[in-house]
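Report on one structure; see the data block that follows.
Every read-out reported here was derived from the displayed coordinates using simple, explicitly stated rules and does not represent laboratory data. Note that this is a predicted model, so its numbers are computed, not measured. Because the Cβ atoms are built from the backbone with ideal geometry, glycine has one as well, and the counts that use them run over all protein chains shown.
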Amino acid sequence: MLPILTLYLIIIQSALLRLWKISSVPPQTENTVIILRIFSAAAGILLTWIVFYLAKQFNLNRKTALLSAWVYSVFPWAIEQGRIFSSVNLTAVVLFLSAIFLLKYLFKKNNTKLILRLIPFVFAVIPGIWYIKFKFLLPVTSILNNLFILISPNLLFYRNITFWWGGLKEFGIMFLSFLPFLITGIIKSITGRKFLLTSVVWLLFFSAFSPDFPESRLFYLSVPLWSVLIGNGIAISFRLKDKFYKTLIICLLLFIIYEYAQLLHYYFRHYPISVSGNLDKIHGIF
Amino acid sequence: MEFFKRKRFTFIFLILIFAAIIRFYRLDTIPGSLYTDEANQGYNAFSLLQTGKDEHGFFSPVSLRSFGDWKPPLQTWLMMPFIKFIGLTEIAVRLPSAILGVASVYLLYLFIIILLSDFKYRFRIALLSAWSLAVSPWHILESRSAMLVAVAIFFLLLAVYLFIKGIRNKIYLILSFFTFGFSLYAYYGLRVVAPLLILQLLVLYRQRFLQKPHHLFLPLVVLVLSVLPLIAGFTRNRDVLFGRARTVSVFYDRGVKLKQWELMTQDGLEAPSIFVRFYHNKAYLYLRQISANFLSHFDGRYLFLKGDTVQPFQIPNTGIMYLPDGLFLIIGGVFVLTGFGQLPKKMLIGWLIISLIPAALTFMVPTSNRTFNALVPFMVMTAAGLSVLRNKRAIFVISLVYMAATGYFFRQYFINLNSYHSDWWNYGWREVVMQTAKISSKYDNIIVADINGMPYIYYLFYNRYDPGKYQTEAIRTYTADQFGFEHVEGFDKFLFPNQLDWPQVKRSPLKNTLYIVPASLTADTGFFYEVKDPQGLALFRFYEF
């Protein structure tokens, strides 16, 4: 009963973060359609729930799944994309809903290895087409450059440049305080849940091939997976017995709360000011 | 017995030969010219040999005032015997770095063997670490120039190696603490790194020292004695210890303060002050800035594609590590965290974190020079990553990939750096000085525009100018520019105006005066001599009116 209640609370929090003042923050452009923003917010709320089930599909326990869902709900990039019309946010819902059903089927059939081998081919199709079509725009060094930008600490923790005129540039994709938990989650998944990490790596390559990099924001599709990795990292850290590490983790958790407060303040107070000067430069539905 | 253990002496011998060839091959001409800092240290070593004083006339200084940046003196001291026997030449200036660069390769090999003493594959990892360091673009660049850090890393590595040996033999512990103290004279960054590494080592081996605390007494006395001259110098002038640290510090840069002001202004006067301080306080903003600086050193573009973008630490279109290193660095990092014992793991991770701290506190990041000590954990992690390869076919393929990567780097460093980017190393001054020497007797004044580096030092260096005479003749105002550098106004018949107004000079030139002006400052014809770079582009022009 308690986990379900917690999940509801997380989803309510997610809804509040995505819907509160949605018509005014960020400010509207002449192309803004409020109902589409609400669609996007709904997708973000649904994704919070999806992340919970996704984590469970990776055989993570309920506590870890809840932590993953909470991490997704407060992810700076997910909040930013959940409050504007974002096709990639809607794509993420379809992709991960499909992934949950696929995983459910695959793990039951126990043919994970086959799927792991097939994934590269599936994911290689679109980048392959891009590369053939735009190969003069995308030499190998550009792809490598894109790849390194995507995993650069600057993009991950300090400055999200994937939506130059309308984005929340003063924050990274995630909070800095997530870093130790992310490392823990990655190491754990290297030794255990390779499928999770393989998916992140493939989304990474997939995004780096995009001719519209970084504005295509394809890397956003990996946010639910990052959330699971971080959630797992937090759950593992809770199990540590050493007093020194326990103190360190408590400090980090306090810092997460402080960064969360910083995000909320910046998003609702300063972000509208910074975006309002660029409204004429934002094309498409915002 | 393991293959690598049986053949280790052959392997390390071959690695050292290769490391030496790469480091000594055309040492005087690649990079194509002495950088100002190199020329300065060379001339100061010459000055100390001749007069016992540096260029400023300070007797036996523990920090060289130099261009106002107060250089640590160890590298200059090491140049003295070479200058004594070879003369004041490029090769004498660069030899200490190159020799200690090769020695560092061997030292790293020894360090890994002793650090991983209980580990089955220690010889394999030690040899791969030595090989990685021997062919490392980062290490080759630094050990072929007199930029302090190649010497610094040798002494730091030696100190840590002796410390681990000292756990069993007290004499080594005394030597270790002396070397730690001595290393503080090698590079500013070590004044942060070395104490933190000592602290880390004491914590890691705390059981041993808690049992026998008296074992630390003598080493600590030796440490204090070895840094005493530095402390004495600091009491007279605080720049002796901190040098230019203030002007490159993150706290000196106004970026963070301006950001805070902008955000507080946006909050408006009506916002409660406690609320504004909670969100926009300096502690949080500086924490973000310093952590961003710290983490910028893990950016793949910096490590594997572009490298350091500050001259002269650039290698054209090359990272400071090889591209395939990226993969093995990750594998090795995970291996170190999960497969190594607690002590080596903590040692290497701690070393890596500590090495990046000095650079994180400055605003010019990422920087390969200030983080050079991170090379040790980076190389060991790469080697650990490579050591997991067992399949012969995979080893063959990876070897081919590395051969291609190394070949590319060699072409970029040994050919393209001089051919296309000679300006990064202030190319041209040698020819300018030689040409000036031929015709100087015809003029009453020689005016050299102080634009590219510090031209006075090249005149002193290449003319082997009598240091005693220079110390009495030098005209200095000791006024630092915005970057903390002090310029020399002139000596003898030479003048080095910092902001030469060329149009004004042409309107009212001095009679019987030679003007030497960078080509970037004037496109005027009428010059009678021109110094060009290897591509044929004009660098300096000689005028007389």
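Taking label positions 7 Å along the Cα-Cβ direction at both B:Arg238 and A:Tyr260, the computed distance is 4.2 nm, reported to one decimal. Compared with the alpha-carbon gap, the fully stretched path from B:Asn512 to B:Phe410 is longer by 32.0 nm at 0.36 nm per residue. Peptides B:330-342, A:41-53, A:164-176, B:130-142 ordered by packing proxy, namely the average of other Cβ atoms within 10 Å per residue, highest first: B:130-142, A:41-53, A:164-176, B:330-342.
P(r) tail, segment B:257-314: Cα-Cα pairs separated by more than 14 Å, 66% of all pairs. The value obtained for chain A, namely the Cα convex hull volume divided by the number of residues, is 137 Å³ per residue. At 4 °C and a viscosity of 1.567 mPa s, what translational diffusion coefficient does Stokes-Einstein give for chain B, taking Rh as the Kirkwood radius over Cα pairs? Give it in µm²/s as a whole number. Rounded, D is 51 µm²/s. Spin-label model, B:Lys84 to A:Ser23: label points 7 Å out along the Cα-to-beta-carbon direction sit 8.7 nm apart.
Going by neighbour counts of Cβ atoms within 10 Å, the residues A:Asp280, B:Asp524 line up, fewest first, as A:Asp280, B:Asp524.
Note on segment B:425-544: Rg/Rh from C-alpha atoms, Kirkwood Rh, equals 0.94. Please average, across the residues of A:220-231, the number of beta carbons from any other chain that are within 10 Å of each residue's own beta carbon, and give a whole number. Counting other chains' Cβ atoms within 10 Å and averaging over A:220-231 gives 0. Comparing Cα centroids, segment B:467-540 and segment B:14-31 end up 35 angstrom apart. On a 0 to 90° scale, report how tilted helix B:74-86 is relative to the longest principal axis of chain B, with both axes built from alpha carbons and the result rounded to the nearest 10. Long axis of B:74-86 versus the principal axis of chain B: about 70 degrees.
Label positions at B:Asp524 and A:Thr191, each projected 7 Å from the Cα along the C-beta direction, are separated by 7.2 nm. Quick one: angle between helix B:149-166 and the longest Cα principal axis of chain B, in degrees between 0 and 90, rounded to 10, please. Helix B:149-166 sits at roughly 30 degrees to that axis. Computed from the Cβ-Cβ distance with R0 of 60 Å, the FRET efficiency linking A:Arg269 to B:Lys170 stands at 0.45.
In the protein assembly as shown, the DSSP beta bridges split such that about 75 percent are antiparallel, to the nearest 5.
Stretched out straight at 0.36 nm per residue, the stretch from B:Lys257 to B:Leu343 would grow longer than its current Cα-Cα span by 26.9 nm. Across chain A, the mean sequence separation of Cα contacts (distance under 8 Å, 6 or more residues apart), normalised by length, yields a relative contact order of 26 percent. Direction-averaged projected area, Cα convex hull, the protein assembly as shown: 41.6 nm², rounded to one decimal.
Using only alpha carbons, build the gyration tensor for segment B:369-484 and give me the equivalent ellipsoid semi-axes, biggest first, whole Å.
Those come to 48, 20, 12 Å.
Taking a ≥ b ≥ c as the square roots of the Cα gyration tensor eigenvalues, with a/c under 1.5 meaning rounded and otherwise prolate when a/b beats b/c, else oblate, which class fits segment A:192-277? Here segment A:192-277 falls in the oblate category. Peptides B:68-80, B:525-537 ranked from most to least packed give B:68-80, B:525-537, packing being the mean of other C-beta atoms within 10 angstrom over each peptide's residues.
Estimated from helices alone, the mean residue ellipticity of chain B at 222 nm is -18000 deg cm²/dmol (sum of -39500 (n - 2.57) over DSSP H runs with n ≥ 4, per residue). The distance from the alpha carbon centre of segment A:165-184 to that of segment A:214-286 is 5 Å, rounded to a whole number. Listed peptides B:425-435, B:103-113 appear in the order B:103-113, B:425-435 once ranked by packing, highest mean of other Cβ atoms within 10 Å at the front.
For an R0 of 56 angstrom, estimate the FRET efficiency from the Cβ-Cβ distance between B:Ile395 and B:Leu269 and round to the nearest 0.05. Walk me through the numbers before you get to the answer.
Values: r = 68 Å, r/R0 = 1.22.
So, using R0 = 56 Å, E works out to roughly 0.25.
What does the structure give for A:262-270 when I average, per residue, the other chain Cβ atoms found within 10 Å of the residue Cβ? Before the final figure, lay out the partial values.
Values: counts 5, 0, 1, 7, 4, 0, 0, 6, 6.
Per-residue shielding by partner chains comes out at 3.
For chain A, return all DSSP H helices satisfying: extent of Cα atoms along own axis at least 20 Å; mean Kyte-Doolittle hydropathy at least -0.5. List each step's numbers first, then the result.
Numbers: long enough: A:2-19 (25 Å, 1.89); A:34-57 (34 Å, 1.61); A:87-109 (33 Å, 1.44); A:112-133 (32 Å, 1.40); A:194-208 (21 Å, 1.78); A:223-238 (22 Å, 1.61); A:243-265 (33 Å, 1.22).
Helices meeting the criterion: A:2-19, A:34-57, A:87-109, A:112-133, A:194-208, A:223-238, A:243-265.
Between segment B:371-444 and segment B:264-298, the C-alpha centres lie 40 angstrom from each other.
Restricting to bridges with both residues inside segment B:425-544, how much of the DSSP beta-bridge set is antiparallel, in percent to the nearest 5? If you can, show how the numbers build up before the last one.
On the way: 14 of 20 bridges.
Here the share of antiparallel DSSP bridges comes out near 70 percent.
Neighbouring Cβ atoms from other chains, within 10 Å of the Cβ of residues in A:144-154, number 5 on average. With R₀ set to 45 Å, the beta-carbon distance separating B:Arg476 from B:Leu202 gives a calculated FRET efficiency near 0.55. May I ask for the angle, rounded to the nearest 10°, between helix B:429-439 and the longest principal axis of chain B, with both axes built from Cα atoms and the value confined to 0 to 90°? The answer is roughly 30 degrees. Taking the DSSP bridge list for chain B and keeping only pairs wholly inside it, about 75 percent are antiparallel. Across the options A:Gln57, A:Gly128, B:Gly468, the greatest Cα extent toward the positive end of the charge dipole of the protein assembly as shown (unit charges at beta carbon of Lys, Arg, Asp, Glu) belongs to A:Gln57.
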